[in-house]
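Here's the structure we're looking at; comments come further down.
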Amino acid sequence: MNCVFCDIAAGRRQAAIVYEDEQVVAFHDINPQAPVHVLVIPREHIPGPLAIAAPHEALAGHMLVVAGQVAQDLGIATDGYRLVLNQGTLGGQSVFHLHLHLLGGRRMRWPPG
Ligand code: 5GP
Ligand code: ZN
């Protein structure tokens, strides 16, 4: 299967990795939308938020824990940040491997548009 995030997780594609463990990889987005824009992905290929099922509950929780740790490490935790999961076409999803966006370093707008 052709999946850029599987390639990053497997080390077949270069990425600026900020954290990794046996379950997840976190790396800088190639087209950042904020001064800090990191993606947290599971190593397992899960197509998107809608495909998160009961067996993934611990993994999904771990993605949130890691996002908080990365926010601390990159110095955006105190001022605040945004976590985003895009699902499907209207949700703005363009890569169909689950990824949690961690955005910070500027004031976020609401509604997000
Ligand atoms: P989505 O629109 O699916 O929620 O977000 C996909 C994100 O992946 C986008 O922000 C896009 O810039 C990022 N992205 C796509 N391909 C690559 C890549 O090869 N490397 C990195 N680091 N980010 C990527
Ligand atoms: Zn994948």
Problem set entry | N2 paired with A77, simple spin-label distance in nm, labels 7 Å along Cα-to-beta-carbon | 4.0 nm
Exercise. Counting pairs of alpha carbon atoms under 8 Å apart in space and at least six apart in sequence, what relative contact order in percent does the stretch 4-94 give?
Worked result: 20 percent
Exercise. Roughly how big is the chain's charge dipole about its Cα centre, with Cβ charges of +1 (Lys, Arg) and -1 (Asp, Glu), in debye to the nearest 20?
Worked result: 440 debye
Problem set entry | Peptides 60-70, 36-46 ordered by average Cβ neighbours within 10 Å, highest first | 36-46, 60-70
Seminar exercise, completed: Out of V18, I52, V38 - ranked by how far each Cα lies towards the positive end of the dipole of the chain, with unit charges on the beta-carbon of charged residues - the top one is V38
Seminar exercise, completed: Pseudo-spin-label distance V95 to L50, built 7 Å along Cα→Cβ, given in nm, is 2.0 nm
For this session: Under 1.5 on a/c is rounded, so check that first for the chain, then, if it is not, pick prolate when a/b is larger than b/c and oblate when it is not; a ≥ b ≥ c are the square roots of the alpha carbon gyration tensor eigenvalues.
Result: rounded
Exercise. What is the helix-to-structure angle for 57-73, meaning the angle in degrees between its Cα long axis and the longest Cα principal axis of the chain, kept from 0 to 90 and rounded to the nearest 10?
Worked result: 40 degrees
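Read-outs throughout are calculated quantities, based only on the coordinates presented, and are distinct from any laboratory measurement. Predicted model only: the values in this text are computed from it and were never measured. Ideal geometry is used to build each Cβ from the backbone, glycine not excepted, and the neighbour counts take in all protein chains shown.
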